[in-house]
Structure formats: C-alpha cells, structure tokens
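Accompanying notes for the structure given below.
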Ligand code: GLU
C-alpha cells in the first residue's frame, strides 16, 4: 500500500449508484474502480444512494445493492448517505445561487426549448437562455437554472486525459431544480461530495461530459475540486450502453454471488487493466480484494474499453 505523506490530505472516494435498477457489470466496474483507487491509496470509500428521482427509484433496490456489494466483499466507510434525505442542503445551495443572481426561474417547456435550441451534442439540448432576463408575461416558473459563462473549462482526467468544454456551447444555463420538483443531479452531487469531503471521483465515462458543469458549481461555491477518473464503459452487444433497468444484466441474475462473485470480480479487474494471477481462480471475493488492494495499478486502467469477459453461471 502506498504511504501518504503528512502533507497530502487523506483520499476520500465514493461510489454513488442510482437505485433505479439492480447493480450490473457496469456498476461493478465503477464500484471496484472507485474502491481500489481510494482504498489502495489508504483512503476512505463512501457510499451514496442517488435516489432523488423518486418516480424512477425501485423500492428495495437500494438494500439489494448494499447486500450485493457486501456479498462481493466491499466494505464502505461510515453510514450510507441517501440523497432523498438531504433536500434541505440542496434547497440552501439553490437559494444561495438565487440570492447571488446566479440562478433564475425558467418557464420553458421541453418542446419550446427544442424548437429554438441548437443541439451540437446528441444527448444535450443547449438551453438558449429564453428566461435568463426574466419570465415573459404569462409564463410560469417551472425549473431553476444556473447561469453559465463563456469561459472554457479544462481539466486533466486521471484516465481520459485532458478534457475541455465550454458550457455556453455544450449545454447553456443548466437545470438545478426540475419542473417536477426534485433537485437535479449536478447540484446534488456537488453539494454531497463537498459535504462528505470527497476529493477523488471515480465513475463511468458516461459522466465525463457532466464534469465541467459540476466543476463550475464547485467553483461558485468555493468547494474543493476533486481529482477525476472516468472509467471506460462496459458496453453490451454491438457497443450498446448497458442499462441498469435491464434485469437481464443484473449481477445476481442467474448467478449465485456467494460462489461466483469472485469470478465476476476477476473479470472486472481485468477490464480495469489489472492482471490478477491465475491462482486466484475460484477464490472468494474477499481473497480477491485482498490481492487487489496492494496490487492495484491505477496507471494500467485503459481509456478504451476492452470486452468485459462476463463469466456465465455454472447452473
Ligand atoms: N448516480 C450516478 C449513476 O448511477 C453516478 C453519479 C456519480 O458518480 O457522480 O450513474
């Protein structure tokens, strides 16, 4: 295990799944990557349930995730945090932005925005700032947006390298509280990471393009900016994104994790560029993590995803 010098702060990493479906191999890679990155550096690894989007949350899944992580040998530090219990903090953060004139109420519907917006990115519609200077007469406030500026945000991702984005052209003023009530992911993640002292964020590269928005908020609130590592994504057949809601790819589907968890962890380690020795074949999850903690090489994590050699059930 690497020694931390007295001048370096303790690493605090986290895994923050959304309990909208059971853990799948993609979440396993994010859990393992964040666990090893923090723990192999002598740090803490926190667990947060991102359950803000209540209509999408599936009852019982958060507990199922915890038992799955436990069966796979993961040990988290401290109490599990549930975003659904932290609204007062998001409300305070949104209030501070409003007070400083950095946020505003927006009355646009999706279709209104789509009609006017240009969309240089496939998945993000750039908000054209319609309500930035006040709601037009007759318009009712639906969502809260934060004002972005022209500046280009650049950061060095620990795996993906340099990433640059200009918020005005990538997304425009973005939503921090949705029309249907809940606070948006970007606000909650920034508030929660700061509150927990998280200084290392390891997660799937589907969130790489969200990072500049989060860094923008961190800067406004004068929070410490974590170090970011975006992991390659596990894809399904033909490169399609795995969906958490797809039960077919649940870690538990057709598999006895007590017996086969070790095989899954070995596959996830290989996906992360690590080289577990063949003697670990058949070992328990805890034995495998015991090998992985001192042996983990963060520089071996590839930026391009190889195949996830998903072991099949013995049944
Ligand atoms: N809750 C997000 C997800 O499950 C991850 C958020 C994060 O790691 O910042 O995709």
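The values are calculated or read from the model by the stated rules, or taken from the named source; none is laboratory data. The structure displayed is predicted, hence computed values, not measured ones. Cβ sites come from the backbone with ideal geometry, for glycine too, and all protein chains shown count toward neighbours.
Quick notes on this structure:
- Some residue of region 140-156 being under 21 Å from residue 19 (Cβ atoms), out of contact with any strand residue (DSSP E or B) (no Cβ under 6 Å at 6 or more places or on another chain) and touching a residue at least 12 places away in the same chain (Cβ under 8 Å): no
- The strands (runs of 3 or more DSSP E) found wholly in region 1-109 and carrying at least 1 residues that are more than 15 Å from the ligand (Cβ to nearest atom) and either at pLDDT below 95 or surrounded by 13 or more Cβ atoms within 10 Å (Cβ to Cβ) (or both) occupy 44-49, 103-106.
- Selection within region 243-258: residues that are within 18 Å of residue 32 (Cα to Cα) and in a helix (DSSP H, G or I). The member of this set that is modelled with the highest pLDDT is 257.
- In region 141-159, the residues that are within 16 Å of residue 202 (Cα to Cα) and either assigned to a strand (DSSP E or B) or over 19 Å from the mean Cα position of the chain (by Cα) (or both): 155, 156, 157
- Number of positions in region 29-54 that are in contact (Cβ under 8 Å) with a residue 60 or more places away in the chain and more than 22 Å from residue 302 (Cβ to Cβ): 7
- Any pair with Cβ under 6 angstrom, 6 or more apart, that starts in region 203-223 at a residue that is over 20 Å from residue 158 (Cβ atoms) and ends at one that is in a helix (DSSP H, G or I) and within 11 Å of the ligand (Cβ to nearest atom): 217/190
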